[in-house]
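Below you'll find the structure, written out as structure tokens, and then a few comments.
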Amino acid sequence: MEKTYYLPAEWHPQSYIQLTWPHADTDWAYMLDEVEDCFVCLATEIAKRQPLLLVAPEFPKALADFPYRDRITFVECSTNDTWARDHGFITLLERHTDPLLLDFCFNGWGMKFAACKDNLINSRVFKSGVLNGDYINCRDFVLEGGSIESDGKGTLLTTSPCLLAPNRNDTRSRKDIEAYLTDRFNLRQVLWLDYGYLAGDDTDSHVDTLARLCPDHTITYVQCLDKDDEHYGALRSMEDQLKTFRTLEGDPYRLLPLPMPEAIYDEDGQRLPATYANFLIMNEAVLYPTYAQPANDARAAQVLAEAFPGREIVGVDCRALIQQHGSLHCVTMQYPESVKNDIES
């Protein structure tokens with residue numbers, strides 16, 4: 001029987017963007033005011049453009065006077081943390097029926113952190129009735145949204161350091177994992193990045209921190225030009241491998257390099273994984289992280305404008321987010337336009 005479902009690209013027309021809000025029982029407790037300010041900025045930039053799906057144990061006090069309150073759909077739910085990209089549904093579109101809402105196992109990036117509550121968020125959100133689609137239980141396979149990129153036409157971009165990392169699906173070989181993904185997402189090819197990392201990254205090299213699929217056979221990626229930087233060798237090897245990748249038509253990708261942010265450190269002197277690749281594609285805008293580095297922030301905006309002509313490029317200061325080793329794309333999850341259920345929330 002012919003498969004009629006596919007994994008849409010992030011630039012496919014969307015409805016909701018999900019945020020899972022920080023609170024005092026998360027790792028953000030020591031800097032909650034600071035990170036909430038960042039989340040309020042994110043929520044504002046999202047909700048002024050698209051519906052916002054908000055998940056939290058209680059409605060955030062920080063949004064009490066939010067100007068776009070009518071654009072928020074709130075689901076009350078216990079949570080461990082805030083990384084919606086990795087615990088949220090991965091949606092397949094079915095050409096003849098409702099969308100398929102795939103609930104994969106989230107185990108704290110290979111059991112590095114507690115995730116028992118976050119792994120139940122999807123079932124709670126589904127039971128609330130705010131999503132339109134068929135629930136598909138995929139909890140026998142560990143997969144985070146930040147580890148995969150789709151062009152919507154059958155190509156998946158991922159990284160071998162993440163998908164082959166211990167405590168995820170390490171009883172399966174690379175061949176087995178590729179076969180599983182190909183069948184589950186109805187793929188035509190999987191592009192494996194074998195190089196690239198960011199210091200301070202807890203995800204084992206999520207692809208959304210390194211290289212991103214964009215429209216018109218384009219890949220934006222982090223480029224390191226400083227030979228004295230610890231990332232230089234790995235990111236140069238990643239760049240060389242990207243040049244070998246081919247589209248389904250056999251053509252090389254158009255490669256657009258993003259700048260490497262200047263090094264940012266935490267209070268213990270550990271380098272943090274700042275990256276401009278961690279941007280969110282929306283219907284009419286691209287939200288991207290900034291790091292109070294005017295020249296690099298501006299250059300990243302120029303590259304994204306080239307990759308996404310016609311979309312507004314909007315920077316959001318994410319210095320707070322990288323204190324917990326993630327950035328803008330990591331705390332968001334988009335849903336295609338057919339997934340939003342128009343009910344009272």
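The values are calculated or read from the model by the stated rules, or taken from the named source; none is laboratory data. The structure presented is a predicted model; accordingly, all values stated were derived computationally and were not measured. Virtual Cβ from ideal backbone geometry, glycine too; neighbours counted across all protein chains shown. Heads up: the accessible areas ignore ligands, DNA and RNA and are worked out on the full protein's heavy atoms, side chains in. Shrake-Rupley method; radii C 1.70, N 1.55, O 1.52, S 1.80 Å.
Could we say that residue 271 is more than 19 Å from residue 296 (Cβ to Cβ) and either buried (at least 19 other Cβ atoms within 10 Å of the Cβ) or at pLDDT 95 or above (or both) here?
No; evaluated as a whole, the condition is false for this residue.
As an exercise: evaluate residue 153 against (1) open to solvent by less than 40 Å² (accessible area, probe 1.4 Å); (2) under 20 Å from residue 307 (Cβ atoms) and give the number of the one condition it does not meet.
Evaluating residue 153 over (1) open to solvent by less than 40 Å² (accessible area, probe 1.4 Å); (2) under 20 Å from residue 307 (Cβ atoms) leaves (1) as the failure.
How many residues are surrounded by fewer than 23 Cβ atoms within 10 Å (Cβ to Cβ), touching a residue at least 40 places away in the same chain (Cβ under 8 Å) and either among the small types (Gly, Ala, Ser) or closer than 22 Å to residue 252 by Cα (or both) when one looks only at region 194-216?
5
Among the residues of region 102-111, are any surrounded by fewer than 15 Cβ atoms within 10 Å (Cβ to Cβ) and under 30 Å from residue 161 (Cβ atoms)?
Taking every residue of region 102-111 in turn, at least one turns out to be surrounded by fewer than 15 Cβ atoms within 10 Å (Cβ to Cβ) and under 30 Å from residue 161 (Cβ atoms).
With hydrophobic (A, V, I, L, M, F, W, C) and open to solvent by 30 Å² or more (accessible area, probe 1.4 Å) as the only criterion, which of 295, 320, 307, 300 stands out?
Among 295, 320, 307, 300, only 295 is hydrophobic (A, V, I, L, M, F, W, C) and open to solvent by 30 Å² or more (accessible area, probe 1.4 Å).
Could you name every one of the strands (runs of 3 or more DSSP E) located completely within region 63-145 that has at least 3 residues being under 25 Å from residue 26 (Cα atoms) and not aliphatic (A, V, I, L, M)?
72-76, 100-105
Please name all residue pairs, on different chains or six or more residues apart, with Cβ atoms under 7 Å, provided the first residue is in region 167-192 and is over 20 Å from residue 2 (Cβ atoms) and the second residue is open to solvent by 50 Å² or more (accessible area, probe 1.4 Å) and modelled with pLDDT under 95.
167/111
What pairs come up if the first residue lies in region 96-111 and is under 19 Å from residue 183 (Cα atoms), the second is of a type in the set (Lys, Arg) and surrounded by fewer than 22 Cβ atoms within 10 Å (Cβ to Cβ), and their beta carbons are under 9 Å apart, counting only those six or more places apart or on different chains?
Every condition considered, the pairs that remain are 102/184; 103/139; 104/139; 105/139.
When you look at residue 329, is it at positive phi, of a type outside the set (D, E, K, R) and surrounded by 18 or more Cβ atoms within 10 Å (Cβ to Cβ), yes or no?
no
Please find, among 187, 181, the residue that is buried (at least 17 other Cβ atoms within 10 Å of the Cβ), part of a loop (DSSP other than H, G, I, E, B), at negative phi and modelled with pLDDT of 95 or more.
When all the criteria are applied, what remains is 187.
Could you say which residue among 265, 253 is touching a Lys or Arg at 6+ places or on another chain (Cβ under 8 Å), free of Cβ contacts under 8 Å to residues at least 12 places away in the same chain, open to solvent by 20 Å² or more (accessible area, probe 1.4 Å) and not aliphatic (A, V, I, L, M)?
Sole residue among the options that is touching a Lys or Arg at 6+ places or on another chain (Cβ under 8 Å), free of Cβ contacts under 8 Å to residues at least 12 places away in the same chain, open to solvent by 20 Å² or more (accessible area, probe 1.4 Å) and not aliphatic (A, V, I, L, M): 265.
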